[in-house]
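Visitor: So that we are looking at the same thing, I have put the structure below in structure tokens.
The values are calculated or read from the model by the stated rules, or taken from the named source; none is laboratory data. On a predicted model such as this, the values are computed, not experimentally measured, just so you know. Cβ sites come from the backbone with ideal geometry, for glycine too, and all protein chains shown count toward neighbours.
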Amino acid sequence: MKDCLIIGGGPAGLTAALYLARFLREVMVFDAREGRALKIPKTHNLAPFPDGISGEDLLGWMQSHAEIYGAEIINDEVLEIPKKRWRIPCDDRKWHHHCTDRYIGLRRDQPWPATFKTGS
């Protein structure tokens, strides 16, 4: 039985997984691999990457970091969240846990277009 299941493998879900795993909680992240962050061609919003980083690369770094501390990442879609919160079904498996956190981001086909200019 896991301490916490996290539904959503985007930046918020992976950050939560990292913190929980560092606090020695057994964490499992469900990631359907359909989030908006995967489709970002290059973001310049992160100080460690002044030349930018793709969303796919960023999530790869974040996932690796969470896994170092013991988080388990399952690339699967959660089919439902039942009222009895101790089992989460995915395909033909059910996962048992103590709590569920949901980090469900925005789904869009394309990232938002830039609507402002930088510089003078």
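Visitor: Determine the pairs where a residue that is on the phi > 0 side of the Ramachandran plot, located within region 5-22, has a partner that is crowded, with 19+ Cβ neighbours inside 10 Å and modelled with pLDDT of 90 or more with Cβ atoms under 8 Å apart, the partner being 6 or more residues away or on another chain.
Guide: So the pair list comes out as Gly8/Val29; Gly8/Asp31.
Visitor: Something else: Pick from Ile68, Ile81: which is at pLDDT 90 or above, out of contact with any strand residue (DSSP E or B) (no Cβ under 6 Å at 6 or more places or on another chain) and closer than 28 Å to Lys2 by Cα? Steps first, please.
Guide: Working: Ile81 fails: at pLDDT 90 or above.
When all the criteria are applied, what remains is Ile68.
Visitor: Only residues in region 26-50 that are in a loop (DSSP other than H, G, I, E, B) count as the first member; pair them with residues that are of a type in the set (D, E, K, R), Cβ under 6 angstrom, at least 6 apart or cross-chain, and list the lot.
Guide: Glu26/Lys2; Glu26/Asp3; Ala32/Glu77
Visitor: Within region 4-25, can you find the residues that are in a helix (DSSP H, G or I) and not aliphatic (A, V, I, L, M)? I'd like the intermediate steps shown before the answer.
Guide: Residues of region 4-25 in a helix (DSSP H, G or I): 11-22.
Pro11, Gly13, Thr15, Tyr19, Arg22 - these are the residues of region 4-25 that are in a helix (DSSP H, G or I) and not aliphatic (A, V, I, L, M).
Visitor: For region 1-55, which positions are touching a Cys at 6+ places or on another chain (Cβ under 9 Å) and of a type in the set (A, V, I, L, M)?
Guide: Result: Leu5, Ala16, Ala17, Leu20, Val27, Met28.
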